[in-house]
Amino acid sequence: MGVIFVGGVHAVGKTTLCEQAQQAKGIVHYSASALIRKEKASAVPERGKMVSEVYAPQQHLINAVRRVLPKHGGSILLDGHFTLLTATGKIETIGVDVFHALGLDRVVVLHDEPSAIAARWCLRDSYAVELALVAAHQEEELCHARHVASALAIPLSEVRAFDTAAFMNSLA
């Protein structure tokens with residue numbers, strides 16, 4: 001099966017669906033930010049979702065995936081992002097070379113109504129995010145996911161947030 005990358009903006013439901021797949025299908029799930037944090041504790045902020053550095057932590061992610069993948073027969077679900085919000089509120093894309101180095105087999109990208117994402121984000125992280133920023137970030141995330149999948153010539157599935165059946169089908 002290889003590495004299935006599950007992307008989407010913050011609070012779109014990546015972890016929820018990946019944990020359901022882990023329970024139902026036995027596919028081991030990792031969060032990109034957790035792997036980065038474990039690889040280098042200072043690479044990911046403890047609070048909030050804005051990052052100060054986009055590129056350096058990606059090498060930590062590549063190293064971590066290369067380390068854990070053999071432990072699971074070469075198959076994992078990896079939830080993360082195709083784009084990141086910087087500390088200044090700018091949307092930065094993660095280079096195709098990073099996704100190539102991760103050895104992706106397929107991509108699943110989640111999407112939802114920006115207002116629903118913003119509401120979950122606020123509940124989860126205890127701060128409000130501008131609806132326009134969520135909408136712009138999600139549009140860039142979807143666009144870059146399509147670009148990455150095309151550049152790597154791998155399958156792409158676009159799944160609505162919390163659509164468990166569609167998500168499970170996308171993993172087949």
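With (1) buried (at least 16 other Cβ atoms within 10 Å of the Cβ); (2) at pLDDT below 95; (3) part of a loop (DSSP other than H, G, I, E, B); (4) out of contact with any Ser or Thr (no Cβ under 7 Å at 6 or more places or on another chain) as the list, and residue 60 as the residue in question, which single condition is left unmet?
Of the numbered conditions (1) buried (at least 16 other Cβ atoms within 10 Å of the Cβ); (2) at pLDDT below 95; (3) part of a loop (DSSP other than H, G, I, E, B); (4) out of contact with any Ser or Thr (no Cβ under 7 Å at 6 or more places or on another chain), the odd one out for residue 60 is (3).
For every residue, the table says whether it meets (1) loosely packed, with under 14 Cβ neighbours inside 10 Å; (2) out of contact with any Pro (no Cβ under 7 Å at 6 or more places or on another chain); (3) in contact (Cβ under 8 Å) with a residue 40 or more places away in the chain; (4) closer than 15 Å to residue 10 by Cβ.
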| residue | (1), (2), (3), (4) |
| --- | --- |
| 93 | no, yes, yes, no |
| 101 | no, yes, no, no |
| 126 | yes, yes, no, yes |
| 166 | no, yes, no, no |
| 172 | yes, yes, no, no |
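Scan 151, 118, 128 and give me the residue that is farther than 27 Å from residue 172 by Cβ, aliphatic (A, V, I, L, M) and assigned to a helix (DSSP H, G or I).
118
If a residue must be in contact with a helix residue (DSSP H, G or I) (Cβ under 8 Å, 6 or more places away or on another chain), of a type in the set (A, V, I, L, M, F, W, C) and closer than 26 Å to residue 163 by Cα, how many such residues does the range 57-90 contain?
Residues in the range 57-90 being in contact with a helix residue (DSSP H, G or I) (Cβ under 8 Å, 6 or more places away or on another chain), of a type in the set (A, V, I, L, M, F, W, C) and closer than 26 Å to residue 163 by Cα: 5 in total.
For residue 145, state whether it is among the hydrophobic types (A, V, I, L, M, F, W, C), in a helix (DSSP H, G or I) and surrounded by fewer than 20 Cβ atoms within 10 Å (Cβ to Cβ).
On the way: among the hydrophobic types (A, V, I, L, M, F, W, C): yes; in a helix (DSSP H, G or I): yes; surrounded by fewer than 20 Cβ atoms within 10 Å (Cβ to Cβ): no.
Spelling it out, it is not the case that residue 145 is among the hydrophobic types (A, V, I, L, M, F, W, C), in a helix (DSSP H, G or I) and surrounded by fewer than 20 Cβ atoms within 10 Å (Cβ to Cβ).
The values are calculated or read from the model by the stated rules, or taken from the named source; none is laboratory data. Note that this is a predicted model, so its numbers are computed, not measured. Note that we place each Cβ from the backbone using ideal geometry, even for glycine, and neighbour counts take in every protein chain shown.
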